[in-house]
Amino acid sequence: MPLTAGPLSVTIPAEADAYRQRVRHFIAESVMPLEQEAFVSGVDDALRVRLQDAARAAGVLAPQAPSEFGGGGADFATSVLLLEEAGYSPLGPLATNCAAPDEGNMHLLAVVGSAGQKERYLRPLVQGQIRSCFAMTEPPPGAGSDPAALRSTARRTSGGWVLNGDKHFITGADGAGFAIVMARAEGPGAPEDATMFL
């Protein structure tokens, strides 16, 4: 039996709409004018810093990140609106500090990071002081985008973990302040399947 749907009515709260309008204005006035420059000269860390300084001044830096670490503290529904607005420019997610892999790493650290990890890694990442990377892809026959095919391993030692393997095509690795690395833990008491290491 086919499903039919009627009109969908969505009401955007006034506060979320005001935040969305701030992001929209910032992208149109401060980011889009720099697209040609980025196309000609390329996107480097100096441009990232310049864009994120402008976003910070406009109050739209990392709108999706927890406010206690310097982000905008937007809830999920509001974040959807803000990320859509940022996406109107190819430079928008970089400018507002919600581009991959940093955005995903912010979310991961906010959810499962220890208090110390949040202070050392999450706070400067949210504030645009550092960048991060995520290392999963391996050369053949290792994992491409399939964590089940991971060949990199991690073995617990008295001082922590020893990681062994090769990673390739790590977006943002050059200049990253830290990495989250995916490997297969081995040994007694090791977690099953893929594990992420900070």
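Data table
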read-out	value
Average accessible area per residue (Å²) across the chain - probe 1.4 Å, nucleic acids and ligands excluded	58
Cα gyration tensor shape for the chain, rounded if a/c is under 1.5, else prolate or oblate	prolate
Computed [θ] at 222 nm, deg cm²/dmol, the chain (DSSP H ≥ 4; -39,500 (n - 2.57); rounded to nearest 500)	-9000 deg cm²/dmol
For peptides 107-113, 66-72, 133-139, sequence by mean Cβ density within 10 Å, most packed first	133-139, 66-72, 107-113
Only Lys, Arg (+1) and Asp, Glu (-1) charged, at Cβ; segment 1-82 dipole about Cα centre in debye	140
Leading residue at positive end of dipole, segment 112-198 (Cβ point charges), from 158, 188, 129	129
Approximate spin-label separation residue 120-residue 166, in nm, with each point projected 7 Å along Cα-to-Cβ	3.0
Rounded to the nearest 20 debye, dipole of segment 68-171 from Cβ charges on Lys, Arg, Asp, Glu	560
Rounded percent of accessible protein surface that carbon and sulfur make up, segment 107-192, 1.4 Å probe	52
Proximal charge balance of residue 56 [Cβ under 13 Å; K/R count +1, D/E count -1]	+2
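The values are calculated or read from the model by the stated rules, or taken from the named source; none is laboratory data. All values derive from a computational prediction rather than experimental measurement. Because the Cβ atoms are built from the backbone with ideal geometry, glycine has one as well, and the counts that use them run over all protein chains shown. Protein only, heavy atoms only, side chains kept; ligands, DNA and RNA dropped before computing areas. Shrake-Rupley method; radii C 1.70, N 1.55, O 1.52, S 1.80 Å.
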